[in-house]
Amino acid sequence: MVPSCFGGAFVTTTATAPRPRLLRLALRLDAVASGALGLLALAAAPLLDALLGVPSALLYPVGAGLLDWAAGLELAAARPAVSRAVVRSVIALNALWVAASAAAALTGWLPLTALGTAFVAAQAVAVAGLADLQLVGLRRI
């Protein structure tokens, strides 16, 4: 509570911290996108193996990991106070995902098809965009 003087009378106002709406939105968008990609990887691994060139043996654990990641993101977004440390970790891990995706697309580490290379690049750009949005949201709080 912060007392202030208005027209000769004291009025008590409540100082409030900025609400992290953008940050919560960015975390939830990341959760939805990660969860959708995780479900796709698990449900269509053999088809994606043939279309994209990403081995099913990699798609299954990545899909399961993405579902766990999505759940963690949703939990972080739903907390009464968004943890800055958690968000910094999310941003760092998203940056690592982007770097690993770029390496996979550019080095031939995976036997990607042309469609697979385009898909890996597109999802890396999307993750980079989400990380940037999370960083902007973090700076606002």
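What follows is calculated from the coordinates using simple rules that are stated; it is not laboratory data. Quantities reported herein were computed from a predicted structural model and do not represent experimental measurements. Every residue, glycine among them, receives a Cβ derived from its backbone with ideal geometry; neighbour counts consider all protein chains shown.
Tabulated data for the structure shown
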item	result
Which listed residue, of 76, 114, 102, is among the aliphatic types (A, V, I, L, M) and in contact with a Ser or Thr (Cβ under 8 Å, 6 or more places away or on another chain)	76
Among residues of the range 63-112, those that are in contact (Cβ under 8 Å) with a residue 12 or more places away in the chain, surrounded by fewer than 16 Cβ atoms within 10 Å (Cβ to Cβ) and assigned to a loop (DSSP other than H, G, I, E, B), counted	1
Test: residue 42 is closer than 20 Å to residue 26 by Cβ and hydrophobic (A, V, I, L, M, F, W, C)	no
Among residues of the range 42-62, those that are touching a Ser or Thr at 6+ places or on another chain (Cβ under 9 Å) and in a helix (DSSP H, G or I), counted	7
